[in-house]
Amino acid sequence: MKPDKKRNPQKPVIVLAMHGTPPLDFPKEEKAALFSLRAQLKHPPADASELKHRLKTLDLKMRRWPRTAKNDPFYAGSHNLAGHLREETGWNVIVGFNEFCSPDIVEAMDQAVATLSKKVIVITPMMTQGGSHSKGDIPEAIQRAREKHPSSEIIYAWPFPATDVAHFLAKQIDQFLEK
């Protein structure tokens, strides 16, 4: 469904909010340390500054790790989806990741605002309600971006109506039954 250009004289920019996965070739010891630090910081000691610094360093290293289709198929798939969404809408699509990859969602919204578009649409393929990322993390990132960019309209196109998701899934099932 292509947007009506008459109703949208200035094209919005889409931020495709994805989850993210660790790259397959990231050093195993550092990946284990990252997850261990995350767990420790759920119930941090009185002075957690050293743990937080180490976590931030490892998180940044993982996010900046070079990605390929071989070492991170999800990253490649996310950009493939963005390309199809760009083709479908005719609008610029910027991928942002909740964790493990760069840019993060706030950085992606910063990039969207930098295009001088006054409207940013944030969408995620996380369709099921109740998930911590789609219901918590992404809205929190959007709120931070709104505070940084008060003159931009940032719209979160979520949640998906369960009936629409069921229709989408039924259509997918039908394709496999027709084979």
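The values are calculated or read from the model by the stated rules, or taken from the named source; none is laboratory data. These figures come from a predicted structure and were not determined experimentally. No Cβ is skipped: glycine too gets one built from the backbone with ideal geometry, and neighbour counts run over all protein chains shown.
Scanning the range 163-179 for residues that are farther than 15 Å from P125 by Cβ, assigned to a helix (DSSP H, G or I) and not hydrophobic (A, V, I, L, M, F, W, C) yields T163, H167, K171, D174, Q175.
The residues of the range 125-139 that are assigned to a helix (DSSP H, G or I) and out of contact with any helix residue (DSSP H, G or I) (no Cβ under 9 Å at 6 or more places or on another chain), listed by number, are S132, H133, S134, K135, G136, P139. In the set (1) among the aliphatic types (A, V, I, L, M); (2) over 30 Å from A32 (Cβ atoms); (3) in a helix (DSSP H, G or I), V106 fails one condition alone, (2).
Scanning the range 27-51 for residues that are under 23 Å from P139 (Cα atoms) and surrounded by 11 or more Cβ atoms within 10 Å (Cβ to Cβ) returns R38, L41. Of the residues D110, D104, the single one that is in contact with a His (Cβ under 8 Å, 6 or more places away or on another chain) and under 20 Å from I138 (Cα atoms) is D110.
For L24, the criteria (1) in contact with a helix residue (DSSP H, G or I) (Cβ under 9 Å, 6 or more places away or on another chain); (2) crowded, with 20+ Cβ neighbours inside 10 Å hold in every case but one, which is (2).
Do we have T57 as outside the structural domain of I154 (by TED's automatic domain parsing) and under 22 Å from R144 (Cβ atoms) here? In short, yes. Scanning the range 95-115 for residues that are surrounded by fewer than 22 Cβ atoms within 10 Å (Cβ to Cβ) and within 18 Å of R144 (Cα to Cα) returns N98, E99, S102, P103, D104, V106, E107, D110, Q111, V113, A114.
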